[in-house]
1. Check A:Ile205 against each of (1) touching a helix residue (DSSP H, G or I) at 6+ places or on another chain (Cβ under 6 Å); (2) surrounded by fewer than 24 Cβ atoms within 10 Å (Cβ to Cβ) and name the one condition it does not meet.
2. Every residue in the stretch C:167-195 that is in contact with a Phe, Trp or Tyr (Cβ under 7 Å, 6 or more places away or on another chain) and among the small types (Gly, Ala, Ser), please.
3. On the given criteria, is A:Glu84 surrounded by fewer than 24 Cβ atoms within 10 Å (Cβ to Cβ) and part of a helix (DSSP H, G or I)?
4. Keeping to the stretch A:236-252, report how many residues are touching a Phe, Trp or Tyr at 6+ places or on another chain (Cβ under 8 Å) and under 24 Å from A:Ser164 (Cα atoms).
5. Do we have any residue at all in the stretch C:81-88 that's among the polar types (S, T, N, Q) and facing chain A (nearest Cβ under 9 Å)?
6. Search the stretch C:93-121 for residues being part of a helix (DSSP H, G or I), in contact (Cβ under 8 Å) with a residue 24 or more places away in the chain and facing chain A (nearest Cβ under 8 Å), and hand back the single one that is surrounded by the most Cβ atoms within 10 Å (Cβ to Cβ).
7. Please find, within the stretch A:364-390, the residue that is nearest to the chain's Cα centre (by Cα) out of those that are at pLDDT below 95 and under 21 Å from A:Thr262 (Cα atoms).
8. Being polar (S, T, N, Q), on the phi < 0 side of the Ramachandran plot and touching a residue at least 60 places away in the same chain (Cβ under 8 Å) is the filter; apply it to the stretch C:308-336 and report the residue that is nearest to the other protein chains (Cβ to nearest Cβ).
Amino acid sequence: MGKRVFVTGAGIISALGTGNDATLKALLEGKSGIGKITCIDTEHTEFPVGEVAMSNSEMSRILNVNYPVNGLRTVLLGIFAAREALVSASLSPELLRSAAFISGTTVGGMDKTERHFKTVFDTNVETEDSLEMKFNDCGYSTELIADSLGKFRMVTTSSTACSSAANAIILGANLIKAGIVDIAVVGGAEALTKFHLNGFNTLMILDKEQCRPFDKNRSGINLGEGAAYLVLESEKSAKSREVGIMAELSGYANTCDAFHQTATSENGEGAYKAMLKAMEMARLTPADIDYINAHGTGTPNNDETELAAMERIWTDKLPLFSSTKSLTGHTTSASGSIESVICLLALQNGFVPGNSGWRTPIKENANPVVENTPLPEIRNIINNSFGFGGNDSSIIFSKYIP
Amino acid sequence: MDNLILQLKNQIIEVLNLEDMTADDIATDAPLFGEGLGLDSIDALELIVLLEREYGIKLSNPAEGKQIFSSVASIADFVSKNRKK
Amino acid sequence: MTARCFVNSMAQVSCRQPLSDEWFDNPCALTAAYTRAQEPDTKGLIVPSEARRMSKILKRAVATSITALNNSCVEQPDAIITGTGMGCMENSEKFLVDMCRYGENCLKPSLFMQSTHNTISSLIAIILKCHGYNNTYSHKGISFESALLDAFVQIKNGNIGNALVGAHDEVTPFMALVMKRTHPEYTNITETSVSAILSSTETDSNICEITDVNLFHNPEPEFLAGILNKTDDSLLLLGVNGNQLNDTPYMSLLEKLSYSPSTLRYKNIFGDNFSSPALAFYAAATILKQQRIPAPLYCDTSKNYTGKINNITILNHCDNTAWSLIRLKKFDLCGS
């Protein structure tokens, strides 16, 4: 596995704003994007969320897109972020023809399906509404995003719930290392839907206040939405194009907790193994890690076991860590790439983003970074993404050293 | 009370898909979780849904369920005191 | 990319006799527009107390996975990688139906918990206590090939020594009605559950070797023909199903070939769903092992293939946007 993989482009949209610049500004100001839910028709307005502050029609107008894209929020969000990623990596249409597009999503076109399902199910299947259900499948969403960008050589979709985007990044890196492609546009997109808002509510893990990851009194998740994509590139390709290198994707690992569909094992076995294996690939020791962008959902279960896993690796002193989900909300399938872009911004601008909303320690020596903190010497960052079923992925971004 | 207990046992078998069990297989005072039927946290959430759908009782904190769901007898006791339908 | 990638064992659940190769000796064409899978006997494969929460697709996936694993040279897989176009559709549908019926209250957590696409891969990992790589792909009709590509690349570069790769799709009666509208190109809607153990180990129990896995997005027929013309692949297994909308892209490709291959089909036996390419993979592997081709699999019976069966190239498309190409090679111990 000697081949190196670089990040040469990034794009993001979330409750923190549209684009890298707006996101950086919000992070530096420590401004949270959590607020009242408006974009979906739900009675559960008691749960705050991290919404992108634009309606589907506003986004469609700005992006200049029509049917069916204009009715698929995941796709609209995806196009915003992916377009920015391509521009920032100066990718020409010609380069896309040999590139891969890999996107993570679980919701896909569920927003459309849930709008049409009742009519189709209650009345009859012969209505036009049933045709709209074609877009339910995750692959359609990914293809619509890809086709809005240009002509890719290959397109596919990873779907592992809240680690989907992280796993899209991992496949992209593996394809580059195998020499199958030189460039992969990877990440994820996920819109809020009534389906998964209610789904998470059945698990009784949604917080009615701004979520407080790693706080003793944390009581659950704020859901969020958004999209982010990275442009991954082989060394050969990046150097021949003389494109700016944002970071090196120095290590990554995907493991399974293999414990329960929704609960995590007590000692965080999956998370422990994922971080350890990622460091092994990056040839880094625990002391080399300057910051961990934790999965940190704010549920009692996740944060406790993620902390337990970190403490198994860093037995003396934990590195600086924070969860940015109290700023963006838990953007589920997109969180792996949204938080990757946040890590890239931290690496490029020399700071650690704060874990907003945190007040009470769980125990001694286990406190996250609360306010954003300058860290000019930051070199290596771990980004954790854990999904249902114990799908645990860790990704390491390192400062580029030629 | 006996009718309610039998009804609850059948409802528990149905919502938790305890396929090979009958009401007679569940002892009224035996613990449902841990050592008992081997139920987990998701089953506890399913029982919360059962109380709301069938008896109009709303539990907003899963921790409240711990005591209530310790046995069929304790559920029956709680239901008979709090049921809205 | 120096290691080799072999198929060591396989198991299927489909409209044919489950967990068996019986169809190979008695292949008969499907006639019904919608045929559900024949449920496997899960006794000895699934512990009853674990089965209580499993929907049909989960039971089938566990049954094929455990069967494939039991028949393989692998005890604990290094990776579990799944393709599923629609994921746990039955649970998703029930959750949506409950939302119509009960509104946004009193919804069932176990339905949501087991509605995501990766429920399948993680359930298998939980049963096997397998902490290895675990991933799921959901990309229309190339979900299986995406999972296969992931495993193939990681075995070839030595990341992993073996993998449990599966493809699973269930189609409920309601979704079958919807699919008839959304996918008019499907002639016979069916269900699929296929599991395969891939391994880099050369052992005489290997079924065949995988020599290539490719995904293409919106490829021109000339582009695909160019790939095939270079190799002279004489046996092509195609996803044709007798529907013009579905078959025309395959015909356009065949017209561009500089040689005349024997063409095979499988959807007349196994039907159509997002995971059916996994049944093509299974059928081709079985043909390479058995060294004969059941008559109904020929697209054109006048072009029966008579030589030794060394390679089969599988081509599938979905919507003529997502294409896949898999090359399988006959396995000879210490040969080739």
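1. Only one criterion in (1) touching a helix residue (DSSP H, G or I) at 6+ places or on another chain (Cβ under 6 Å); (2) surrounded by fewer than 24 Cβ atoms within 10 Å (Cβ to Cβ) is unmet by A:Ile205, namely (1).
2. Within the stretch C:167-195, C:Ala167, C:Ala176 meet the criteria.
3. So A:Glu84 passes the test.
4. 5
5. Yes: the stretch C:81-88 contains one or more residues that are among the polar types (S, T, N, Q) and facing chain A (nearest Cβ under 9 Å).
6. C:Ser121
7. Across the stretch A:364-390, the extreme among qualifying residues is A:Gly387.
8. C:Thr321
The values are calculated or read from the model by the stated rules, or taken from the named source; none is laboratory data. Because the structure is predicted, anything quoted here is derived from the model rather than measured. Positions of Cβ are backbone-derived with ideal geometry, glycine not excepted, and every protein chain shown enters the neighbour counts.
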